[in-house]
1. Per residue of the stretch 47-61, what does 6.51 cos²θ - 1.76 cosθ + 1.60 with θ = phi - 60° give for ³J(HN,Hα)? Whole Hz please, x for Gly and Pro, Karplus curve as stated.
2. Give me the dipole magnitude in Debye, nearest 20, for the chain about the Cα centre, with unit charges on the beta carbon: positive for Lys and Arg, negative for Asp and Glu.
3. Using only the heavy atoms of the protein chains and a 1.4 Å probe, how would Met1, Met43, Met10 rank by accessible area, largest first?
4. In deg cm²/dmol and to the nearest 500, what is the mean residue ellipticity at 222 nm of the chain if only DSSP H runs of at least 4 residues count, each as -39500 (n - 2.57), divided by the residue total?
5. For Ile62, which sequence-distant residues (separation of 5 or more, or a different chain) have an amide H within less than 5 Å of its own amide H, given hydrogens modelled in the peptide plane?
6. Let a ≥ b ≥ c be the square roots of the eigenvalues of the Cα gyration tensor of the chain; is it rounded (a/c under 1.5), or, if not, prolate (a/b larger than b/c) or oblate?
7. Any chance you could run the full-extension gain for Thr39 through Lys66? It's 0.36 nm times the residue separation minus the Cα-Cα distance, nm to one decimal.
8. Which one, Leu23, Ile61, Thr46, projects farthest toward the positive side of the charge dipole computed for the chain from Cβ point charges (K/R +1, D/E -1)?
Amino acid sequence: MIKVHLSRIMGEKRINIADLSRLTGLHRNGIAKLYNEETDGVMFDTLNRICEALDCEIQDIIEFIKDEK
């Protein structure tokens with residue numbers, strides 16, 4: 001399972017979706033889907049822009065959690 005921590009990071013940095021959209025040039029709807037963990041994929045360029053804007057690493061945003069079987 002992939003866990004997205006974008007909402008937590010944005011909350012810590014006190015940045016909302018509109019702010020991140022302006023900082024990155026990304027569309028608000030795409031950011032909102034990632035923020036709400038409603039996306040089924042993300043492009044490397046998107047991750048790069050978000051990491052630069054939030055001054056963080058990819059692993060701060062995305063975490064892989066092994067499924068327990």
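1. Computed from phi, the couplings for the stretch 47-61 are 4, 4, 5, 5, 4, 5, 5, 9, 6, 9, 9, 4, 5, 6, 9 Hz.
2. Using only the charged Cβ atoms, the result is roughly 220 debye.
3. My answer, sorted largest first, is Met43, Met1, Met10.
4. -14500 deg cm²/dmol
5. His5
6. Verdict is prolate for the chain.
7. 7.8 nm
8. Value: Leu23.
The values are calculated or read from the model by the stated rules, or taken from the named source; none is laboratory data. Since the structure is predicted, the reported quantities are computational estimates derived from the model, not experimental observations. A quick note on method: Cβ atoms are made from the backbone with ideal geometry, for glycine too, and the neighbour counts reach across all protein chains shown. All accessible areas refer to the heavy atoms of the entire protein, side chains included, with ligands and DNA or RNA removed. Shrake-Rupley method; radii C 1.70, N 1.55, O 1.52, S 1.80 Å.
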